[in-house]
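Beneath this line is the structure, given in structure tokens, with notes to follow.
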Protein chains: 2
Amino acid sequence: MYRSHTCGELRQRNIGNEVTLAGWLQTTRDFGGMTFIDLRDRYGITQLVFNMETNKALCEKARTLGREFVIQAKGVVVERSNKNPKMPTGDIEIIVSELNILNKAKTPPFTIENDTDGGDDLRMKFRYLDLRREEVQQKIMFRHQVGHETRTYLNANGFLDIETPFLIKSTPEGARDFVVPSRMNPGEFYALPQSPQTFKQLLMVSGYDKYYQITRCFRDEDLRADRQPEFTQIDCEMAFVEQEDILNMFEGLIKHIFRTVKGIELGDFPRMQYDDAMRLYGSDKPDMRFGMQFVEMNDLVQGKGFGVFDNAELVIGINAENCAEFTRKQLDELTDFVKRPQIGATGLIYLRYNADGTLKSSVDKFYSEDELKKWAESADMKPGDLLLVLCGNTDKVRKQMNELRLELGNRLGLRPKDVFKPLWVLDFPLLEYNEDDNRWYAMHHPFTSPKKQDIDYLYTDPARVRADAYDLAINGVEVGGGSIRIFDKGLQAEMFKRLGFTDEEAQKQFGFLMNAFEYGAPPHGGLAFGFDRLCAVLNGVESIRDFIAFPKNNSGRDMMLDSPSTIDEKQLKELSIALRG
Amino acid sequence: MYRSHTCGELRQRNIGNEVTLAGWLQTTRDFGGMTFIDLRDRYGITQLVFNMETNKALCEKARTLGREFVIQAKGVVVERSNKNPKMPTGDIEIIVSELNILNKAKTPPFTIENDTDGGDDLRMKFRYLDLRREEVQQKIMFRHQVGHETRTYLNANGFLDIETPFLIKSTPEGARDFVVPSRMNPGEFYALPQSPQTFKQLLMVSGYDKYYQITRCFRDEDLRADRQPEFTQIDCEMAFVEQEDILNMFEGLIKHIFRTVKGIELGDFPRMQYDDAMRLYGSDKPDMRFGMQFVEMNDLVQGKGFGVFDNAELVIGINAENCAEFTRKQLDELTDFVKRPQIGATGLIYLRYNADGTLKSSVDKFYSEDELKKWAESADMKPGDLLLVLCGNTDKVRKQMNELRLELGNRLGLRPKDVFKPLWVLDFPLLEYNEDDNRWYAMHHPFTSPKKQDIDYLYTDPARVRADAYDLAINGVEVGGGSIRIFDKGLQAEMFKRLGFTDEEAQKQFGFLMNAFEYGAPPHGGLAFGFDRLCAVLNGVESIRDFIAFPKNNSGRDMMLDSPSTIDEKQLKELSIALRG
């Protein structure tokens, strides 16, 4: 062992001890006759002291060391005269008697500090240096802890960690697969799993009844910001359960993680119907840290001669409390915000409920003071509040208002990073229609069970069929979701038919699962959490990247490895494939 | 919830309770007025009782049910008149008052019993049914437990579970990679990791100092029996350590697993030099459950006119205790065994030390009784023992004698399944020469550090360089191995040169690692255990397959999924690849 202690553990009680530390040189400070070195490892920083008077040679040696040198120092722990209460080791320092250079270091291309001078690309190329920065280390260690507590809870509840294969079968349904040519089976390919969905269902058929796995999943999608081609899922499934059992079990998991990792006691999670979430927040994952529910105003505003409202499918408002005194500039900013092409509203209408009780709107000429008063009442406005109104096609205006609501939440400080508001969203639609492909798609996946009472609509009004499907949102981010599964071969076959599969296609791609349903499949259901995302949400940050040790950039490249890369013609030949010109 | 209890938990104390059970119908037995059903889940079996007299309709319904039906039964727990002490639930049974069929089942293609009538191929095709068999479930649950205890130990010792990427860069060194065409980077490929080796070393450079991961690895090798193209590794690495620290840490892990999972206290693990293992056992993973060390006999047997021995590079014997009375037939069987083409010896020579003190060998005419006495002494023979002798080229004869020793161990019952003998094998050679390719290969991998005192031989006598490399063998099976790594860019570059890399090739393939070594790399080392293999060894079985939920066959096919399979031309086009004709 190159060390007797880490750089984070020495305290007053160790004064007088002979110790050996090893780590990285964070900084050197020379003060005339003294040299101080901050020695760093993942546990902390300890101050090393060298004195020109008592040991000139050693002090001079210390002065030759550069940033990020790996050194080993032996010495005695002494009390600091000038204590640093900000550091856990700030009461002590080491009078060094022996100093060994374990490895030299070139000057790193950026500083190893939270507030580094390195840009994104440079840090990704030198990820092994970026990973030394304390804020990144904290995130990697945080992830470890969340994984550990997840396992602790699930193991304690009788779940079995069962590994499922990575080299599986490609299916065109869902997102695009990554595929792997098989050398031993020329012309054939494996696919990497988008999730272990079918395997965990088969495990239920096999009687394992409580399964989990923290496992990598793969999707070859065009990458949006902060999407990774490989990501990690906390994947779970249970048999002989109903939706309520699953919600309780995994609400328990999230509470356990918050309790153990964050020291936060979450109360029972509220639940909301998907339809209500869309109606009141324009989102299937509303941020519940603040109110500002949508108010539907069609009855109040239509038929008064204001064409914009009259022609709109839906008119909705939100009450921004205490914002009546927003300046013209602030209102213009919000108007510009909703008019951005990504949001696409045509305009924003406001109503000020002034402190003196008067009302002032941008459409005064169409509405009387009495009528505006009714607007105010419908939105529970008090003097000093501001009503913001959007209108248009129902789906679009809800999405636009959702964006405006979140933006206002940000501007008004209503989305604090250290407050956590979970929400179960229930009863998602089973299907959604895709106009481009002219067919229905499963909103969750084709194995999700329709609600019993809605099954008949499958044939008459597919849009109306609700699923036994649920999502967990925290602070407006979807951290997990799942469903009760179909476990009847006939219903599963019917489902594939609804999705445009021929019987033959369904059998070819999912025959193994449908056949399994014929040999005694129990009722079952489950869910999966996005592990990377969950870690980010728990830290109140948006980017998942620093919770992944070696992430890829938005082109799916690993900048450090310079991968993907070309392979030899010999290798291609062995795989019975060729590049296209 | 479909059940109040599992099928394994009801006992005497539950008598009188109203319960609901759910599970699979294992067997039905009709006795005139009564019907008994064994209801099964992964926790056990509980007997359900139906009575024609008290509830005719229900009893008749029960009689319609087939094997593997999924049913739910409500009823009251009563004491059995005819107790079954072999079953944990054998004291009780359930008088059923309500019976629900949750799902029907076709008659399975083989019986769901340990002693099933299903052949290998059939069981693999219907793996979801095979996984219901109790002996397979025990293995899958055993694996869960080993994984859990591995994490418990490593977490308690400050290790961080850090995930490394699956979509990495292909390198021609080592085994063949599986590759993944990149759609977004046409003509380029990712590779699936053969191990996280370079990443865990980078994590050491990044300061994480104790890393582990239980992770999937991939090798596109021609599959021998019981090799899988994807397998799982318990992968570990530590910084600021020497070999001794690593051996102690992971000896502790294996002891912990044996203690917690098997209830076995292992003493301290013996250690053996690689050279001694080869000399005494002809194997780098000797089975230490029995002795029968090799005795080198050149000095005793050569120069006496027996040409076969005289011309041999090495003559070795093993003492089979108490086997002097082996019959002619038994000796012929052993001779046939060593002459099989896979082993390839030309013959087997024996010396009987009879109970009456006389000596009898198959080469009597070349050796006097006195000379044979010396053979016997050299091998510590007692009256009643049998000496078996092989000769030939050193490497070959050691391998042959290793096979013979293990075969004798089997025949003599010296390899009991419930005795566990671990052994560290140390100081492996750094390099091995491949005659076909006319170059040196790294015996472990190119990142393994040569022993300091042997570095000079790198240039003069590469075969002589020993590595800081170690393997852990248990009962003759290699369960893990590792090494202290090179952490100096110059030495790593030199190593690649020895392996026939040009500077350019080394930089292209491993530049990221060598560059990392320039920015402050700490001394580090680690090891990896084969998780599937470890589970098998802990159970005293050879096959890893039943410790894997969904294994592939020896052609790398998943028989259940029928994968790999063809993919659409559209998909190939998107990936910029084509099949070769």
- Scan segment A:31-45 for residues that are charged (D, E, K, R) and farther than 18 Å from A:T107 by Cβ and jot them down. A:D41, A:R42
- Message: Condition first: basic (K, R), touching a residue at least 60 places away in the same chain (Cβ under 8 Å) and surrounded by 23 or more Cβ atoms within 10 Å (Cβ to Cβ). Can you find one or more residues in segment B:142-162 that meet it?
- Response: yes
- Apart from one, (1) under 30 Å from A:R466 (Cβ atoms); (2) surrounded by fewer than 18 Cβ atoms within 10 Å (Cβ to Cβ); (3) in the same structural domain as A:E403 (by TED's automatic domain parsing) all hold for A:R279; the odd one out is (3)
- All but one of (1) surrounded by fewer than 24 Cβ atoms within 10 Å (Cβ to Cβ); (2) part of a helix (DSSP H, G or I) hold for A:K285; which doesn't? (2)
- Answer yes if at least one residue in segment A:353-373 is over 14 Å from A:V308 (Cα atoms), assigned by TED's automatic domain parsing to the domain that holds A:K329, touching a residue at least 60 places away in the same chain (Cβ under 8 Å) and of a type outside the set (K, R), and no otherwise. yes
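Residue by residue through segment A:257-273, note down the ones that are open to solvent by 30 Å² or more (accessible area, probe 1.4 Å) and part of a helix (DSSP H, G or I). It would help to see each step written out before you state the result.
Step one: of segment A:257-273, the residues open to solvent by 30 Å² or more (accessible area, probe 1.4 Å) are A:259-260, A:262-265, A:267-268, A:270-271, A:273.
Result: A:R259, A:T260, A:K262.
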- Query: Would you pick out the residues in segment B:559-570 that are facing another protein chain (nearest Cβ under 7 Å) and buried (at least 16 other Cβ atoms within 10 Å of the Cβ)?
  - Reply: B:M560, B:L561, B:S563, B:P564, B:S565, B:I567
- Message: Just checking: which of the helices (runs of 4 or more DSSP H) contained wholly in segment A:42-130 hold 3 or more residues that are in contact with a strand residue (DSSP E or B) (Cβ under 8 Å, 6 or more places away or on another chain) and open to solvent by less than 30 Å² (accessible area, probe 1.4 Å)?
- Response: A:56-63
- In segment B:437-471, residue farthest from B:E505 (Cα to Cα) [restricted to those that are without any contact (Cβ under 8 Å) to a residue 60 or more places away in the chain and out of contact with any strand residue (DSSP E or B) (no Cβ under 9 Å at 6 or more places or on another chain)]: B:K452
- Item | Where B:E505 falls short, out of the listed (1) away from chain A (no Cβ under 14 Å); (2) surrounded by fewer than 18 Cβ atoms within 10 Å (Cβ to Cβ); (3) of a type in the set (D, E, K, R) | (1)
- Within segment B:470-489, residues being charged (D, E, K, R) and assigned to a strand (DSSP E or B) number 3
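If we scan segment B:350-373, do we find a residue that is outside any loop (DSSP other than H, G, I, E, B), among the β-branched types (V, I, T) and out of contact with any Asp or Glu (no Cβ under 6 Å at 6 or more places or on another chain)?
First, the residues of segment B:350-373 that are outside any loop (DSSP other than H, G, I, E, B): B:350-353, B:359-361, B:369-373.
Going one step further and asking which of them are among the β-branched types (V, I, T), we end up with none.
No; the residues of segment B:350-373 include none that is outside any loop (DSSP other than H, G, I, E, B), among the β-branched types (V, I, T) and out of contact with any Asp or Glu (no Cβ under 6 Å at 6 or more places or on another chain).
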- Note on the structure: Residue hits (segment B:240-256; open to solvent by less than 10 Å² (accessible area, probe 1.4 Å) and either in a helix (DSSP H, G or I) or farther than 14 Å from B:G482 by Cβ (or both)) are B:F240, B:I246, B:L247, B:F250, B:L253, B:I254
- Note on the structure: Over segment B:1-41, the set of residues in contact (Cβ under 8 Å) with a residue 40 or more places away in the chain, within 12 Å of chain A (Cβ to nearest Cβ) and of a type in the set (D, E) is B:E9
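What number of residues within segment B:254-279 are on the phi > 0 side of the Ramachandran plot and touching a residue at least 60 places away in the same chain (Cβ under 8 Å)?
0
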- Task: Kindly state which strands (runs of 3 or more DSSP E) lie completely within segment A:404-469 and contain at least 3 residues that are open to solvent by less than 40 Å² (accessible area, probe 1.4 Å).
- Result: A:422-426
- Task: Determine which member of the set A:F294, A:F326, A:F309 is at pLDDT 95 or above, open to solvent by less than 40 Å² (accessible area, probe 1.4 Å), under 29 Å from A:P422 (Cβ atoms) and of a type in the set (F, W, Y).
- Result: A:F294
- Note on the structure: Within segment A:171-193, the count of residues that are farther than 21 Å from B:I548 by Cβ and polar (S, T, N, Q) comes to 1
- The number of residues in segment A:380-396 that are outside any strand (DSSP E or B) and within 21 Å of A:Q330 (Cα to Cα) is 5
- Looking at segment A:375-396, is at least one residue closer than 19 Å to A:K304 by Cβ and surrounded by fewer than 16 Cβ atoms within 10 Å (Cβ to Cβ)? yes
- Query: Within segment B:288-321, restricting attention to residues that are in a loop (DSSP other than H, G, I, E, B) and touching a Lys or Arg at 6+ places or on another chain (Cβ under 8 Å), which residue is nearest to B:T358 (Cα to Cα)?
  - Reply: B:E321
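Mind counting the residues in segment B:177-214 that are in a loop (DSSP other than H, G, I, E, B), more than 9 Å from every other protein chain (Cβ to nearest Cβ) and open to solvent by 10 Å² or more (accessible area, probe 1.4 Å)?
Residues flagged as in a loop (DSSP other than H, G, I, E, B), more than 9 Å from every other protein chain (Cβ to nearest Cβ) and open to solvent by 10 Å² or more (accessible area, probe 1.4 Å) within segment B:177-214 amount to 2.
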- Item | Of the criteria (1) crowded, with 24+ Cβ neighbours inside 10 Å; (2) part of a strand (DSSP E or B), which one B:K552 fails | (2)
- Message: Based on this model, can you work out whether A:A324 counts as assigned to a helix (DSSP H, G or I) and touching a Phe, Trp or Tyr at 6+ places or on another chain (Cβ under 8 Å)?
- Response: no
- Query: Only one of these conditions is not met by A:V136: (1) out of contact with any helix residue (DSSP H, G or I) (no Cβ under 6 Å at 6 or more places or on another chain); (2) open to solvent by less than 20 Å² (accessible area, probe 1.4 Å); (3) part of a helix (DSSP H, G or I); (4) more than 7 Å from every other protein chain (Cβ to nearest Cβ). Which number is it?
  - Reply: (1)
- State all residues of segment B:515-549 that are assigned to a loop (DSSP other than H, G, I, E, B), facing chain A (nearest Cβ under 8 Å) and either of a type in the set (S, T, Y) or open to solvent by 10 Å² or more (accessible area, probe 1.4 Å) (or both); if no residue qualifies, say none. B:E518, B:I548
- Residues located in segment A:148-171, provided they are farther than 22 Å from B:Q145 by Cα and either part of a strand (DSSP E or B) or more than 7 Å from chain B (Cβ to nearest Cβ) (or both): A:I168, A:T171
- Query: Do we have B:I234 as open to solvent by 10 Å² or more (accessible area, probe 1.4 Å), touching a residue at least 40 places away in the same chain (Cβ under 8 Å) and closer than 25 Å to A:Q145 by Cβ here?
  - Reply: no
- Would you mind stating whether A:G174 is more than 8 Å from every other protein chain (Cβ to nearest Cβ) and either among the small types (G, A, S) or over 19 Å from A:R533 (Cα atoms) (or both)? yes
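The values are calculated or read from the model by the stated rules, or taken from the named source; none is laboratory data. Bear in mind that the values here come from a model prediction, so they are computed numbers and not experimental data. Counting neighbours? That spans all protein chains shown, and the Cβs are built from the backbone with ideal geometry, glycine included. The accessibility values were calculated without ligands, DNA or RNA, using every heavy atom of the protein model including side chains. Shrake-Rupley method; radii C 1.70, N 1.55, O 1.52, S 1.80 Å.
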